[in-house]
Amino acid sequence: MYCLDRFRHFLPSVVVAAALLVAIPAIAQSNSQSQATQSLVSAGGPQISLETSEAMFDMGAVLNSCGYNDGLAISQPVRMRVRKQLDEDLAGSPEATALRDKLCAYITRHQFGSSAQNLAQYVSLTLYLTPPPMLKLSVPRKELPPDAMGVEEILPLLRQFVSVSHLHVLWVNNRLAYDNDVTELHGPVSEMTLKTDVYLKEPLNRYSRSHFEVVVEPQFDPNDTNARIYDGRYIVVVSPSKAGKIHMNNVRDLYLHYEIDPLLYARAAAIDRLQPFLGMVQDAPIAFHFKNDLIAFVVECLVKAIEARTMDTGIPVYK
């Protein structure tokens, strides 16, 4: 309510004339094989992409093999298929089984908070990994996010396990299911970006150096959406459910940040006049970060205001 009441004047008109429709660049379906030496955070490529990641596949396979079962009942069949295939491979390799057990022991020692928080730290780390077999950090360790830095020591074990267990073969054998997910999501994600850009009157980020990436990994809980903003890259990791659905509202929230962040941060001096608002929200039930960073607070308020104006309420829109 703090956001909606005080920043309603930022909202664009609901009515968008057909003449304002602009050419929206197509969402690229990125091929991870073309990024053999880059991580998801450091890769080049198109500004907006929908892709898969073999490094994320490897991390997902390890976590599932070590008892990560969240959302298993509503996950796509490929998740259970990979688990079964990996178990069969491990049954014939004592060396791989021993390495898996060491990985599981490490994961057990580094659990904290909820299962979603445990997963989040490994997602953060994997975003900075180059593809297998190297699986190396694309930045110095000191530049990792704090949660990723806490589990970075898993990498030597992970590299050995990926090599010995032949996870690359599993990746190749299940790649079609991943590609099908990307194909199925391409339409809904493209529609979301198009409608958002139309509502904002134009794609604000057309000439920006930022990148928006949707990474599909069906081995995670479909109820979890892991969104990150690292070094100008807006990355969201999603897991389609059995019905092929993702939490599109969460993806759109990050996309709104991708569009709005550069616009407002470029006008930081003009927004300084709103500094008194921070004093009014010190007791509000919002994150501490927003109580001390005016630009972040204004951006979040604008994003939430736009979401409130455009959310599906079930009531037909008057035309």
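The values are calculated or read from the model by the stated rules, or taken from the named source; none is laboratory data. Note that this is a predicted model, so its numbers are computed, not measured. As a convention, Cβ positions derive from the backbone with ideal geometry for all residues, glycine included, and neighbour counts pool all protein chains shown. The area values use the complete protein model at the heavy-atom level, side chains included, leaving out ligands, DNA and RNA. Shrake-Rupley method; radii C 1.70, N 1.55, O 1.52, S 1.80 Å.
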- Task: Could you look through the stretch 229-272, keep only residues that are under 14 Å from residue 216 (Cα atoms) and basic (Lys, Arg), and pick out the one that is farthest from the chain's Cα centre (by Cα)?
- Result: 242
- Task: State which residue pairs qualify: first residue touching a residue at least 24 places away in the same chain (Cβ under 8 Å) and open to solvent by less than 10 Å² (accessible area, probe 1.4 Å) and inside the stretch 231-254, second residue in a strand (DSSP E or B) and of a type in the set (Lys, Arg) in any location, beta carbons under 7 Å apart, and separation of 6 or more residues or different chains.
- Result: 235/228
- From the list 75, 65, pick out the single residue that is closer than 22 Å to residue 176 by Cα, free of Cβ contacts under 8 Å to residues at least 40 places away in the same chain and under 23 Å from the mean Cα position of the chain (by Cα). 65
- Working carefully through the options 152, 202, find the one that is open to solvent by 10 Å² or more (accessible area, probe 1.4 Å), among the charged types (D, E, K, R) and at pLDDT below 95. 202
- Taking the stretch 123-149 as the region of interest, how many residues are in contact with a Lys or Arg (Cβ under 6 Å, 6 or more places away or on another chain) and either open to solvent by 30 Å² or more (accessible area, probe 1.4 Å) or in a helix (DSSP H, G or I) (or both)? 0
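Listed here are the residues, each with its yes/no results for (1) touching a Gly at 6+ places or on another chain (Cβ under 7 Å); (2) assigned to a helix (DSSP H, G or I); (3) more than 29 Å from residue 95 (Cβ to Cβ); (4) of a type outside the set (Asp, Glu).
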position	(1), (2), (3), (4)
153	no, yes, no, no
158	no, yes, no, yes
162	no, yes, no, yes
171	no, yes, no, yes
183	no, yes, yes, yes
187	no, yes, yes, yes
190	no, yes, yes, yes
194	no, yes, yes, yes
